[in-house]
Amino acid sequence: MKLTILPAALLALVWLSSCGGTGKSGEAATNGVLSSQGEKTTAATGAGQPIHLTRAEFLTKVYDFEKSPKNWVYSGEKPCIIDFYADWCKPCKLVAPIMDELAGKYSSQIIVYKVNIDEEQELARFFGIQSIPTVLLCPMTGPPQMTQGAMPKETFEKAVNEVLLGKK
């Protein structure tokens, strides 16, 4: 009996720490961004809030992978964070308020984007998103860096300062 409980507990822990795949589970995907309270909001357009990106916006604001699929050329005016998420993903819901806070705290220095992988499957495929949340850190120069899984706010802040703002 004890031998079957341990593997089941480990499996549950792995599932809770990261949502794998890009399929829907239970809830239908809808337009919008989850607020820090888990409520749906429309795409943010103002500074200090995450901005929901469509594929077309991604191509113009971040990286046109159609023109240059093998050579990363960031086209943004500020470094950015791209949070790949899904509405049904519990760890993504834990990361959402952190992204809200980062967008507000660093609004003059970075942009925070959100990409719903259920709505923007081509973007998820291009970046090989297999586990969510996945966060892409895009500095002004150099290649982007990717992290997977829900991390504490302090870890995201350290990444913003070191990778995006060049502070040690």
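May I ask you to verify whether GLU66 is more than 16 Å from the chain's Cα centre (by Cα) and not in a helix (DSSP H, G or I)? Don't jump to the end; show me each part of the working.
Numbers: more than 16 Å from the chain's Cα centre (by Cα): yes; not in a helix (DSSP H, G or I): yes.
Yes: the conditions hold for GLU66.
Results for (1) touching a residue at least 40 places away in the same chain (Cβ under 8 Å); (2) surrounded by fewer than 15 Cβ atoms within 10 Å (Cβ to Cβ); (3) within 13 Å of the chain's Cα centre (by Cα), shown as yes or no for each residue.
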| site | (1), (2), (3) |
| --- | --- |
| GLN109 | yes, yes, no |
| VAL115 | yes, no, yes |
| ALA124 | yes, no, yes |
| SER131 | yes, no, yes |
| PHE156 | yes, no, yes |
| GLU162 | no, yes, no |
| LYS167 | no, yes, no |
Of (1) touching a residue at least 12 places away in the same chain (Cβ under 8 Å); (2) surrounded by fewer than 22 Cβ atoms within 10 Å (Cβ to Cβ), CYS89 satisfies every one except (2)
Mind checking whether some residue in the stretch 56-63 is small (Gly, Ala, Ser) and either closer than 22 Å to VAL160 by Cβ or surrounded by fewer than 20 Cβ atoms within 10 Å (Cβ to Cβ) (or both)? yes
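Throughout, read-outs are computed from the coordinates displayed, never taken from laboratory work. From a predicted model like this one, the values you see are computed outputs, not experimental measurements. Neighbour counts run over all protein chains shown; Cβ positions are idealised from the backbone, glycine included.
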